[in-house]
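First up is the structure itself, then whatever we jot down about it.
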Amino acid sequence: MILKILILSITAVTISSSIHSYPKDLNRIKQMDSNENGEISYEEFNASALDRFTLLDTNGDGIVTGEEFMNPILEQFKNMDLNTDAVLSKKEIRKALKKMRKEKKTKMIEEKKQPQPFIKQ
Ligand SMILES: [Ca+2]
Ligand SMILES: [Ca+2]
Ligand SMILES: [Ca+2]
């Protein structure tokens, strides 16, 4: 039950943070579109899912155990659990969201500062 709530809250965080990262998501879609025809084919989608699988399979044995699957989620949970009481309060979730937004903003500003490599002058 607690795990269910945990997953739900993390999903909520992920969803709300993805709303604020539209340009980045667009980049991700572009990355998935390996033949650059503007569409994500079934194969292209599978390839990106496979990438994610490889990331999850931390010991590289070709299978993702429940533990490996949960690790990044638990890691995120631990980062959010500021007073380390093993539960997330509304306040902690709010703070984590705020932090994510702030980090994203900083990142976006940094990206803007970088010269555009594809425009030759
Ligand atoms: Ca494509
Ligand atoms: Ca594994
Ligand atoms: Ca807490």
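Just so it is clear, none of the values below were taken in a lab; they were calculated from the coordinates. Please read all numbers here as calculations on a predicted model, not as lab measurements. Virtual Cβ from ideal backbone geometry, glycine too; neighbours counted across all protein chains shown.
Remarks
- A crude spin-label estimate for the pair Leu56 and Ile29, with each label 7 Å from Cα along the Cβ direction, gives 2.4 nm.
- The phi torsions of segment 88-93, fed into the Karplus equation with coefficients 6.51, -1.76 and 1.60 and a -60° offset, translate into couplings of 9, 8, 4, 4, 5, 5 Hz, rounded to whole numbers, with Gly and Pro shown as x.
- Net length available on complete extension from Ile40 to Lys107 is 21.5 nm, with 0.36 nm assigned per residue and the Cα-Cα distance removed.
- Of Lys78/Lys107; Lys91/Lys113; Lys30/Lys90, those spanning more than 30 Å from alpha-carbon to alpha-carbon: Lys91/Lys113; Lys30/Lys90
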